[in-house]
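Comments concern the structure below.
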Amino acid sequence: NAGVTQTPKFRVLKTGQSMTLLCAQDMNHEYMYWYRQDPGMGLRLIHYSVGEGTTAKGEVPDGYNVSRLKKQNFLLGLESAAPSQTSVYFCASSPSKAERAPRETQYFGPGTRLLVL
Amino acid sequence: GENVEQHPSTLSVQEGDSAVIKCTYSDSASNYFPWYKQELGKRPQLIIDIRSNVGEKKDQRIAVTLNKTAKHFSLHITETQPEDSAVYFCAASKGSGGYNKLIFGAGTRLAVHP
């Protein structure tokens, strides 16, 4: 049981390039989230999904797109990367009902460090 | 929308002392308040949480208190150890139906000195 995994771990992009970050979870969780973490600003929600085929905007969605074609995967896309998108990106998932932990518990992936030059 | 403020931004204590981190939230409808610990280069991990119908919750050396009237909640760590050194984040949400739009505080960097 790997939990939440993210690919890649680290990436350097040039301004204007595009890329996709992959998040996968093997816990059969309904809900998935993408956050960005910047120094002194905590974690901010970019987009989230309440189920396969559905996505919604979070606090800071501009410049990002997402897709949830399969329940276990949540993709975050940057169509035209900008230096302001340099950050550490975390994916998280949570179950639809209480398990050993409360259903609100979010389980985080290891993060993707992105540098946009 | 919800806003969560967290203080202090850095905290330095001697091993064995207690540490307290405080958070305030703005939306009185928020009903779930987790605390996450993030070690350097690692992912955030839930260490304790509290719901709005409870005033205090303890788990060994850590405890969380909630004051709904004042809209603030605090993390208390007793008998601190060097392995408690990390960044701690509070969060608040009013999620219903299970999914959760967590709004995080900016974090507190705790350093425990031997």
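The values are calculated or read from the model by the stated rules, or taken from the named source; none is laboratory data. Note that the structure is a prediction, hence the values are computed from the model and not measured. A quick note on method: Cβ atoms are made from the backbone with ideal geometry, for glycine too, and the neighbour counts reach across all protein chains shown. The accessibility values were calculated without ligands, DNA or RNA, using every heavy atom of the protein model including side chains. Shrake-Rupley method; radii C 1.70, N 1.55, O 1.52, S 1.80 Å.
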Scan of the stretch A:44-64 for residues that are touching a Leu at 6+ places or on another chain (Cβ under 8 Å) and either of a type in the set (Asp, Glu) or within 15 Å of A:CYS91 (Cα to Cα) (or both), ordered by number: A:LEU45, A:ILE46, A:HIS47, A:GLU52, A:GLY58, A:GLU59, A:VAL60, A:TYR64
Count of residues meeting criterion [away from every other protein chain (no Cβ under 11 Å) and either in a loop (DSSP other than H, G, I, E, B) or open to solvent by 60 Å² or more (accessible area, probe 1.4 Å) (or both)] in the stretch A:26-64: 11
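Could you tell me whether any residue of the stretch A:6-25 is within 24 Å of B:ILE48 (Cα to Cα), within 12 Å of another protein chain (Cβ to nearest Cβ) and open to solvent by 20 Å² or more (accessible area, probe 1.4 Å)? Spell out the reasoning first.
Initial filter on the stretch A:6-25 (within 24 Å of B:ILE48 (Cα to Cα)): A:25.
Now restrict to residues that are within 12 Å of another protein chain (Cβ to nearest Cβ): none.
Checked the stretch A:6-25: no residue is within 24 Å of B:ILE48 (Cα to Cα), within 12 Å of another protein chain (Cβ to nearest Cβ) and open to solvent by 20 Å² or more (accessible area, probe 1.4 Å).
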Pairs with Cβ under 6 Å, 6+ apart, first in the stretch A:84-97 and more than 11 Å from chain B (Cβ to nearest Cβ), second modelled with pLDDT under 95: A:SER87/A:ASP38
Residue check for B:LYS94: more than 30 Å from A:LYS57 (Cβ to Cβ) and open to solvent by 60 Å² or more (accessible area, probe 1.4 Å): no
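Scan the stretch B:76-95 and give yes if some residue there is in a loop (DSSP other than H, G, I, E, B) and within 22 Å of A:ILE46 (Cβ to Cβ), otherwise no. Spell out how you get there, then give the answer.
Here is the first cut: in the stretch B:76-95, the residues in a loop (DSSP other than H, G, I, E, B) are B:78-81, B:85, B:94-95.
Still in the list and also within 22 Å of A:ILE46 (Cβ to Cβ): B:94-95.
Yes; the residues of the stretch B:76-95 include at least one that is in a loop (DSSP other than H, G, I, E, B) and within 22 Å of A:ILE46 (Cβ to Cβ).
Which is more than 11 Å from chain A (Cβ to nearest Cβ), open to solvent by 80 Å² or more (accessible area, probe 1.4 Å) and basic (Lys, Arg), of B:LYS42, B:LYS101, B:LYS58, B:LYS71?
None of the others qualify; the one that does is B:LYS58.
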Close pairs (7 angstrom Cβ cut-off, 6 or more residues apart or separate chains): over 20 Å from B:GLU56 (Cα atoms) in the stretch B:6-35, assigned to a loop (DSSP other than H, G, I, E, B) anywhere: B:SER9/B:ALA106; B:VAL13/B:THR80; B:GLU15/B:THR80; B:GLU15/B:GLN81; B:GLU15/B:PRO114; B:GLY16/B:GLU79; B:GLY16/B:THR80; B:ASP17/B:THR80
Answer residue from the stretch A:11-25, given it is part of a strand (DSSP E or B) and of a type outside the set (A, V, I, L, M) and is nearest to A:GLN72 (Cα to Cα) among those: A:GLN25
Residue within the stretch B:62-72 that is without any contact (Cβ under 8 Å) to a residue 24 or more places away in the chain and touching an Asp or Glu at 6+ places or on another chain (Cβ under 6 Å) present: yes
Search result, residues across the stretch B:25-57 that are under 23 Å from A:PHE108 (Cα atoms) and among the polar types (S, T, N, Q): B:SER30, B:ASN31, B:GLN38, B:GLN45
Check on A:LEU76, open to solvent by 40 Å² or more (accessible area, probe 1.4 Å) and either away from chain B (no Cβ under 14 Å) or touching a residue at least 12 places away in the same chain (Cβ under 8 Å) (or both): no
